[in-house]
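Before any comments, here is the structure.
The values are calculated or read from the model by the stated rules, or taken from the named source; none is laboratory data. Keep in mind it's a predicted model, so treat the numbers as computed, not measured. Cβ placement follows ideal geometry from the backbone for every residue including glycine, while neighbour counts extend to all protein chains displayed. Just so you know, the surface numbers come from the protein's heavy atoms only, side chains and all, with ligands and any DNA or RNA stripped out. Shrake-Rupley method; radii C 1.70, N 1.55, O 1.52, S 1.80 Å.
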Amino acid sequence: MLNVAIVGCGRIAKRHSELLGDNQIKGMRLTAVCDPVAEKAQAIGERFDVPFYTDMDRMMEAGNIDMVVVLTPTGVHAKHVINLARYQKDIVVEKPMALTLDDADAMIHACDENGCRLFVVKQNRFNVPVAKLREAVEADRFGKFVLGTVRVRWCRHQHYYDQDPWRGTWAMDGGVLTNQASHHVDMLQWMIGDVESVFAKSATALVDIEAEDTIIVTLKFRNGALGIIEATTAARPINLEGSISVLGERGTVVIGGFAVNQMQTWVFEQEEEGDSRVLEEYSVNPPNVYGFGHQAYYEHVVDCIENEKQHLVDGLEARKSLELINAIYESVETGREVYLHFQPRKCPLGRPA
Ligand SMILES: NC(=O)c1ccc[n+]([C@@H]2O[C@H](COP(=O)([O-])OP(=O)(O)OC[C@H]3O[C@@H](n4cnc5c(N)ncnc54)[C@H](O)[C@@H]3O)[C@@H](O)[C@H]2O)c1
């Protein structure tokens, strides 16, 4: 049984604490929580009957912790992960792992030096239809990739950004690309492969924030395929879509729904046993835009630790989509196509405005 502590008792901590505190993950249990805002730590601590702290070091020093989960604002993930690595416990950190590549590298280095594993939450990879799509990619059912598209059309009003001062800022969050669409950027690259270059334009259309609420990106992959990212939190009046399309020379898959949860198209030139049932069997309606994936993600973490397996999204894997996100902002700022790998120069992400 892994004793798990939570650092940061905000919005997403609700999901994590319910899974860990209600014993929904076999092999894990919640043993402590902390947040500098005492009422937040207290609310979760009392609900699950675990000790609560306002300081992460005091919590770690109290012991009884095998793994720590970092759920703080993105811009401070690096500072917190690097500090926690000193305790030599495995670390789970919410997406995106960091904002700058320097921070990501420092986190990977700190965990490596201290012998702790770093797990980055990309729960959408575990959505039922997404895992099925990945199976088809691994089985080479598409042949040559032609086009990959992801689309995020979600609705976030000004009051969403105003609820915490870090939201929508360059130094702590970034815009729709870094926050909401980082899952979809990760998914696109996971399916189609490494990206050669990007060209992007962005706008801050309907809210007053530093970063963008709307962005479009064209991509060229190293394998020759083309791609499109379209992401906005300015869809009104409701969340409409979170989707991915993969088109190859021998087949096409489209997953839609509002949280990449509905298998909408599954067609291949060479039909295989079970293909005709995929649309009905691989579509699930999640309760919210986070999807069901956190549970599957934690089950994967337990499996990796118990069976000494390589985990799906370690620091290096998560760094890939962060590099892509940085390249996209570099393109917005310079008005040019940006080729990966590159050294961020104008990218504002992770830097004070
Ligand atoms: N995987 C997903 O789908 C998903 C969904 C939502 C949020 N997230 C990510 O989770 C992270 C947190 O987002 P949120 O919406 O919960 O933010 P939030 O602002 O609601 O919560 C963050 C909490 O961290 C606390 N905190 C700040 N400094 C701390 C410190 N030194 N020690 C302990 N706690 C500290 C804050 O007081 C706050 O309660 C972000 O990186 C976000 O991108 C991921």
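Being under 29 Å from T100 (Cβ atoms) and either open to solvent by less than 30 Å² (accessible area, probe 1.4 Å) or charged (D, E, K, R) (or both) holds for only one residue in V50, V37, V69, and it is V69. Report yes if some residue within the stretch 277-295 is over 29 Å from E212 (Cβ atoms) and within 19 Å of the chain's Cα centre (by Cα); otherwise report no. There is at least one residue in the stretch 277-295 that is over 29 Å from E212 (Cβ atoms) and within 19 Å of the chain's Cα centre (by Cα). Scan the stretch 42-60 and tell me whether some residue there is outside any strand (DSSP E or B), closer than 19 Å to D173 by Cα and in contact with a Gly (Cβ under 7 Å, 6 or more places away or on another chain). Looking for residues that are outside any strand (DSSP E or B), closer than 19 Å to D173 by Cα and in contact with a Gly (Cβ under 7 Å, 6 or more places away or on another chain), one finds none in the stretch 42-60, hence no.
Here the stretch 31-41 is the region considered, the condition is being under 13 Å from C9 (Cα atoms) and in a strand (DSSP E or B), and the residue that is nearest to the ligand (Cβ to nearest atom) is C34. Among the conditions (1) more than 22 Å from F145 (Cα to Cα); (2) open to solvent by 20 Å² or more (accessible area, probe 1.4 Å); (3) more than 16 Å from the ligand (Cβ to nearest atom), V207 misses just one, which is (2).
Within the stretch 148-170, is even one residue of a type in the set (S, T, N, Q) and within 15 Å of the ligand (Cβ to nearest atom)? Taking every residue of the stretch 148-170 in turn, at least one turns out to be of a type in the set (S, T, N, Q) and within 15 Å of the ligand (Cβ to nearest atom).
When only residues in the stretch 238-257 that are farther than 25 Å from K144 by Cα and touching a residue at least 40 places away in the same chain (Cβ under 8 Å) count, which is surrounded by the fewest Cβ atoms within 10 Å (Cβ to Cβ)? Restricting to residues being farther than 25 Å from K144 by Cα and touching a residue at least 40 places away in the same chain (Cβ under 8 Å), the top hit is I238. Inside the stretch 72-111, residues that are crowded, with 20+ Cβ neighbours inside 10 Å and part of a loop (DSSP other than H, G, I, E, B) make up a count of 8. Pairing each residue of the stretch 258-282 that is farther than 14 Å from P129 by Cα with any residue that is among the basic types (K, R), provided the two are 6+ apart or on different chains, yields C-beta distances under 8 Å for F268/R141; F268/R250; E269/R250; Q270/R141; Q270/R250; E272/R141. Residue count for the stretch 6-28 under the criterion of being surrounded by 16 or more Cβ atoms within 10 Å (Cβ to Cβ) and away from the ligand (no atom under 13 Å from the Cβ): the result is 5.
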